[in-house]
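Reading through the structure tokens given below for one structure.
The values are calculated or read from the model by the stated rules, or taken from the named source; none is laboratory data. The shown structure was predicted, so the numbers you read here are calculated from the model rather than taken from an experiment. Methodologically, a virtual Cβ is constructed for each residue, glycine included, from the backbone with ideal geometry; neighbour enumeration extends over all protein chains shown. Accessible surface areas use protein heavy atoms only, side chains included; no ligands, DNA or RNA. Shrake-Rupley method; radii C 1.70, N 1.55, O 1.52, S 1.80 Å.
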Amino acid sequence: MSDTGYDEWLAAIADGEGYYLACPDGHGSLPPRRSCPHCGAAELTEEPLPETGEILTFTEVHVPAPNFADEAPYVTAIASFGPVKLTGVVRELPADEVDLGATVSAAVGTNATTDEQLLVFRPASE
């Protein structure tokens, strides 16, 4: 199954060329988009995604949805990457070490249940 726009965006993340869409007013959003969800502007440009983000909130999941059965327990988080917020699964960091404000990088991983690609956060290199 292909999710046009999102698959290409994940490929860009995997290649180290992550981006977000920006309107002339500086609002950030993620593809696929045809217009800014904040102001409706149709003129969007691809801007480089910041290399690191900051965890804003997270939760440890013990009872997963069927598509994540083989991942549990796992931590899902929302992280701020400049003008955009991303949701991903935290990897390479034990659940008890995930903390608000932690600096992470965005990468692409594989869902152990479905073998599909997904956005993951890894501890940022200091």
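Some points to look at:
- Calculated mean residue ellipticity, 222 nm, the chain: -2000 deg cm²/dmol, from DSSP H runs (n ≥ 4) at -39500 (n - 2.57) each, averaged per residue and rounded to 500.
- Counting Lys and Arg as +1 and Asp and Glu as -1 over every other residue whose Cβ lies under 9 Å from the Cβ of residue 120, the net charge comes to +1.
- Using a Förster distance of 22 Å, the FRET efficiency for residue 56-residue 6 (Cβ separation, nearest 0.05): 0.55
- Summing +1 for each Lys or Arg and -1 for each Asp or Glu among the other residues whose beta-carbon sits under 13 angstrom from that of residue 110 gives -3.
- Local electrostatic count, residue 22, Cβ distance below 13 Å [Lys/Arg +1, Asp/Glu -1]: -3
- Length-normalised contact order for the stretch 4-46 - Cα pairs under 8 Å, 6+ apart - percent: 34
- Alpha-carbon centroid distance for the pair the stretch 86-126 / the stretch 65-84, whole angstrom: 7
- A value for Cα extents along the principal axes in Å was derived from the coordinates, and within the list [x] 49, 27, 25; [y] 44, 38, 30; [z] 41, 35, 25 it appears as [z].
- Excluding ligands, DNA and RNA, the accessible surface per residue across the stretch 61-105 is 54 Å² with a 1.4 Å probe.
- Charge dipole magnitude, Cβ of K and R +1, D and E -1 - the chain, Cα centre, debye nearest 20: 360
- Ligands, DNA and RNA left out, the accessible area of the chain computed with a 1.4 Å probe is 46% carbon and sulfur.
- Positive dipole terminus of the chain, leading residue within 59, 112, 102 (C-beta point charges): 59
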